[in-house]
Structures are given as C-alpha cells and as structure tokens.
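Below is one structure, written out as structure tokens, with a few remarks after it.
The values are calculated or read from the model by the stated rules, or taken from the named source; none is laboratory data. Every value quoted in this text rests on a predicted model; they were computed, and no experiment measured them. Virtual Cβ from ideal backbone geometry, glycine too; neighbours counted across all protein chains shown. Accessible surface is based on the protein model in full, side chains and every heavy atom, while ligands, DNA and RNA are left aside. Shrake-Rupley method; radii C 1.70, N 1.55, O 1.52, S 1.80 Å.
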Amino acid sequence: MIEPPALMPDAKLLPDTGEPGFGIYVHWPFCAAKCPYCDFNSHVRHQPVDQERYVAAFLKEIMAARIMSGPKTVTSIFFGGGTPSLMKPETVAAIMNGISRHWHVPEGIEITMEANPSSVEADRFRGYRAAGVNRVSLGVQALNDHDLKFLGRLHDVADALKAIRLARDIFPRMSFDLIYARPNQTVEEWERELKEAISYAVDHLSLYQLTIEEGTPFYGLHKAGKLIVPDGDQSAALYEATQEITEREGLPAYEVSNHARPGAESRHNLTYWRYGDYAGIGPGAHGRLTRGPEKIATAAERKPEAWLELVERDGHGLIEQERLGLDEQADELLLMGLRLKEGVDLARWQQLSGRELDPKREEFLLEHGFIERIGNSRLRCTPAGMLILDSVVADLAC
C-alpha cells in the first residue's frame with residue numbers, strides 16, 4: 001500500500017471559476033507500442049523521432065493558432081497522445097515557452113501531461129515539472145498483470161505503482177486511468193480493484209468501460225467471436241458499482257467517466273464539456289475557436305510526417321476549418337454539457353438554438369427519471385439518464 005503524503009507539493013492551482021475557459025491541447029502522436037483497443041491517433045516509429053524538427057513545427061502551428069484565436073488568456077494546457085512522456089523535457093519546455101509568447105498564461109493554471117508507466121523515469125518527471133507541468137495523468141489501465149498483458153500494455157503492476165509513487169512525490173496533482181468491463185470481469189472483482197486504486201489515488205481517477213472500436217485489433221477479435229465483453233446488464237452493474245464506491249470514498253463522478261475530490265476536477269476537460277474554446281496543436285489535433293458569432297472547428301492532418309511537411313510548407317497542419325452554425329453549436333453544447341454532473345446552461349443553449357426545449361420530450365424524460373432541472377437555469381442527466389446518455393441527448397436535440 002502507498003502511504004498518502006501529508007501534503008502534495010505546490011498543490012494550489014487557480015480556482016475553478018465555473019467559466020468554460022480557453023485551453024491549449026498539444027498532441028504528441030508517438031507511442032512505443034500500439035494497444036489493441038486504441039483508436040487514437042498514435043503511431044509507432046522504430047527510429048528515433050527528430051524532436052527538434054517537431055518542436056520547430058509545433059512553434060509554427062502555435063503561431064498560426066494565435067492568429068486564428070486572437071488574444072486570449074489560457075486557463076489550461078494539456079499534453080496528450082500518443083505518449084507525451086516519450087518527449088524530452090526540453091521539448092516540453094520549448095513548447096511551453098512558445099505558448100507563453102503568443103497567449104497570456106497566468107501562473108497557477110493547470111498544465112497536464114499524459115504518461116505511460118513504462119516510460120516513466122524520475123529525472124524525466126522532474127524535467128517536466130521544471131518545464132511547468134503541474135498535473136500528470138497516468139495510463140495505468142489495470143491493477144493485475146494478466147489484464148495488463150491482455151490490454152497490450154508494456155508495464156506491469158510494479159511499474160504502475162512505481163510511476164504513481166513518483167507522480168505523487170513530484171507533481172501537485174495526479175490522476176490515473178483504469179479500464180473496466182473487461183472480458184469475464186465480475187462486479188466483485190472490479191469492486192476490489194477499484195478500492196485498491198482509490199487507496200493509491202490522490203484527487204482524481206478516470207474510469208472507462210472497455211469499448212470495441214472499429215479498426216482496432218480488438219474489433220476483429222470481437223467480430224470473430226473471440227473476444228466477449230460484458231453485455232448491457234453486466235456493464236450497467238459495473239457502472240453502478242463504480243458510482244457507488246467512488247461516491248462513498250470521496251471521489252464522486254463529476255462527468256460520466258471522471259471522478260475527483262471536490263476542487264480537483266480536470267480544468268482542461270471541463271473546458272471541453274462546458275463547450276469552451278481550445279486550440280489544437282499537433283498531428284490529428286482538433287480545436288474549437290470562436291470568431292464573432294461563428295465557432296470554427298479545426299482538425300489537423302493525422303499522419304505525423306505528412307503534418308510535419310504541411311506545417312513546414314504552410315505554417316500549419318490544418319486540413320479542416322469548418323464554420324459551425326448556431327444549431328450545430330447548440331447541439332455540441334448539449335452533447336458535452338449533459339456529460340457533466342453540473343449539467344448544461346439552458347440559457348446559453350437557448351441563445352444558440354433560438355428555441356426552447358420541446359416540452360413534451362422534456363416532460364417524458366423528467367417523468368421517467370432520466371433528467372432533472374437544477375433551479376431554472378440548468379438541466380442535467382440523472383444517474384439513470386447517464387446510462388442512456390446518447391439517447392437522452394438525441395431526444396432533447398430534436
């Protein structure tokens with residue numbers, strides 16, 4: 001068992017204002033190995049990556065994003081992947097300096113880096129901390145070696161616990177991910193694993209049900225009947241056990257799959273779910289940038305080498321810049337906001353959509369206990385509604 005520290009180092013971040021904010025997402029697309037369940041934009045390269053060349057490209061794309069966004073105050077920065085912990089600390093520092101040159105970056109904002117336990121080293125972690133990273137998110141995924149091997153992870157439980165210890169010692173904030181609803185996993189087994197995870201956690205956990213995504217090795221196995229995942233009833237039982245245990249242990253859900261002690265919610269992810277603006281930097285990164293009444297949805301070239309050539313030629317790697325109409329923005333606001341325990345701001349939705357919710361649809365969902373009003377200004381899903389979230393959103397958006 002890992003003993004909790006008396007006080008996390010430099011634990012104070014700027015308080016959450018409740019506003020959507022403006023985030024910067026930096027995508028590092030490289031991994032040491034591709035996990036069989038993963039459909040993220042991640043790539044394995046067997047030769048060393050030219051990090052200096054990529055830094056130069058990141059800095060160019062940061063400049064292009066600043067031109068699109070205009071002057072902004074950054075409320076969070078997130079290094080995602082891929083495996084950002086394969087980056088040199090000098091690479092992270094250079095990108096951070098580039099962001100600070102082009103936007104206002106107040107002291108004390110949340111700066112997160114994703115890391116895999118297999119690529120964790122104390123010196124590298126200290127280098128990230130020196131570069132400004134103050135929150136780390138570890139891809140632990142399971143707390144038994146059999147399932148880690150099944151999930152294609154390069155680390156074992158001993159590596160995971162070592163990474164957790166280092167993260168707790170070096171960073172003010174720390175989270176880690178687990179995947180549940182794995183083949184043959186019982187509710188009792190998951191409850192034991194989750195309680196163990198909570199004993200290691202500091203202030204945040206991300207808990208995802210295993211999903212079978214098209215184009216992954218798991219998809220082919222599942223389609224051939226060689227990989228069986230829990231059915232709907234079993235998945236619901238696992239989800240409900242997750243909510244009950246985390247609530248009881250002081251890490252309640254603030255979003256469908258994310259749990260935190262009050263005040264430790266991920267500021268960057270809240271920007272997404274509150275439908276704030278964010279600039280996407282790097283191969284395959286997406287963004288949402290408001291310009292006047294329009295919101296521009298951006299997407300970059302996914303293949304790293306092709307993105308690199310585009311940036312060196314054009315100054316950015318964007319291949320999509322879609323203008324979202326007010327109806328599209330309203331739909332996205334509803335889709336994102338209903339994932340949150342705090343729900344969605346109805347006045348903002350009505351302003352975008354130009355209409356009220358359909359009273360008959362709302363009444364149906366209220367009567368069946370799938371949604372509830374919070375005062376007169378907000379609407380949220382109930383725990384029962386979270387189990388059928390996509391259906392609730394589709395019903396309300398019509």
Next item on the list: Specify which of the listed residues (ARG339, ARG355) is at pLDDT 95 or above and either open to solvent by 60 Å² or more (accessible area, probe 1.4 Å) or within 25 Å of GLY82 (Cα to Cα) (or both).
Entry: ARG339
Check: Restricting attention to the range 313-329, does a residue exist that is open to solvent by 60 Å² or more (accessible area, probe 1.4 Å), modelled with pLDDT of 95 or more, part of a strand (DSSP E or B) and among the polar types (S, T, N, Q)?
Finding: yes
Note to self: Of the conditions (1) within 25 Å of TYR272 (Cα to Cα); (2) open to solvent by less than 50 Å² (accessible area, probe 1.4 Å); (3) of a type in the set (S, T, N, Q), GLN51 satisfies every one except a single condition; which number is it?
What the structure shows: (1)
Check: Is there any pair linking a residue in the range 305-323 that is without any contact (Cβ under 8 Å) to a residue 24 or more places away in the chain to one that is of a type in the set (Val, Ile, Thr), with Cβ under 8 Å and at least six apart or on different chains, and which?
Finding: LEU310/ILE319; GLU320/THR298
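Report yes if GLY80 is touching an Asp or Glu at 6+ places or on another chain (Cβ under 6 Å), buried (at least 20 other Cβ atoms within 10 Å of the Cβ) and not β-branched (Val, Ile, Thr), otherwise no.
Numbers: touching an Asp or Glu at 6+ places or on another chain (Cβ under 6 Å): yes; buried (at least 20 other Cβ atoms within 10 Å of the Cβ): yes; not β-branched (Val, Ile, Thr): yes.
For GLY80, the condition - touching an Asp or Glu at 6+ places or on another chain (Cβ under 6 Å), buried (at least 20 other Cβ atoms within 10 Å of the Cβ) and not β-branched (Val, Ile, Thr) - is met.
Do the conditions hold for ARG182, that is, is it crowded, with 19+ Cβ neighbours inside 10 Å, out of contact with any Gly (no Cβ under 8 Å at 6 or more places or on another chain) and in a helix (DSSP H, G or I)? Walk me through how you get there before you give the answer.
Numbers: crowded, with 19+ Cβ neighbours inside 10 Å: yes; out of contact with any Gly (no Cβ under 8 Å at 6 or more places or on another chain): yes; in a helix (DSSP H, G or I): no.
Considered against the rule, which asks whether it is crowded, with 19+ Cβ neighbours inside 10 Å, out of contact with any Gly (no Cβ under 8 Å at 6 or more places or on another chain) and in a helix (DSSP H, G or I), ARG182 comes out as no.
What about ARG129, is it at pLDDT 95 or above and of a type in the set (Lys, Arg)? Write out each step before concluding.
Values: at pLDDT 95 or above: yes; of a type in the set (Lys, Arg): yes.
Criteria met by ARG129.
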Check: Under 6 Å by Cβ, and 6 or more places apart or on different chains, what pairs join a residue from the range 177-206 that is over 19 Å from ALA167 (Cα atoms) with one that is open to solvent by 10 Å² or more (accessible area, probe 1.4 Å) and among the hydroxyl-bearing types (Ser, Thr, Tyr)?
Finding: ILE179/TYR208; ALA181/SER235
Check: Counting just the residues of the range 235-271 that are open to solvent by 10 Å² or more (accessible area, probe 1.4 Å), farther than 19 Å from GLY21 by Cα and of a type in the set (Gly, Ala, Ser), which one comes out farthest from the chain's Cα centre (by Cα)?
Finding: ALA237
Next item on the list: Please name all residue pairs, on different chains or six or more residues apart, with Cβ atoms under 6 Å, provided the first residue is in the range 254-266 and is more than 17 Å from GLU110 (Cα to Cα) and the second residue is of a type in the set (Asp, Glu).
Entry: TYR254/GLU265
Notebook entry, point to check: Of the numbered conditions (1) assigned to a helix (DSSP H, G or I); (2) within 17 Å of GLU255 (Cβ to Cβ); (3) of a type outside the set (Ser, Thr, Tyr); (4) open to solvent by less than 20 Å² (accessible area, probe 1.4 Å), LEU379 satisfies every one except a single condition; which is it?
Noted result: (1)
Checklist line | Matching residues, the range 192-234, being part of a helix (DSSP H, G or I), modelled with pLDDT of 95 or more and either open to solvent by 60 Å² or more (accessible area, probe 1.4 Å) or of a type in the set (Val, Ile, Thr) (or both) | finding: ARG192, LYS195, GLU196, ILE198
Check: Can you name the condition, by its number, that TRP103 falls short on among (1) aromatic (Phe, Trp, Tyr); (2) in contact with a helix residue (DSSP H, G or I) (Cβ under 9 Å, 6 or more places away or on another chain); (3) more than 30 Å from LYS72 (Cβ to Cβ)?
Finding: (3)
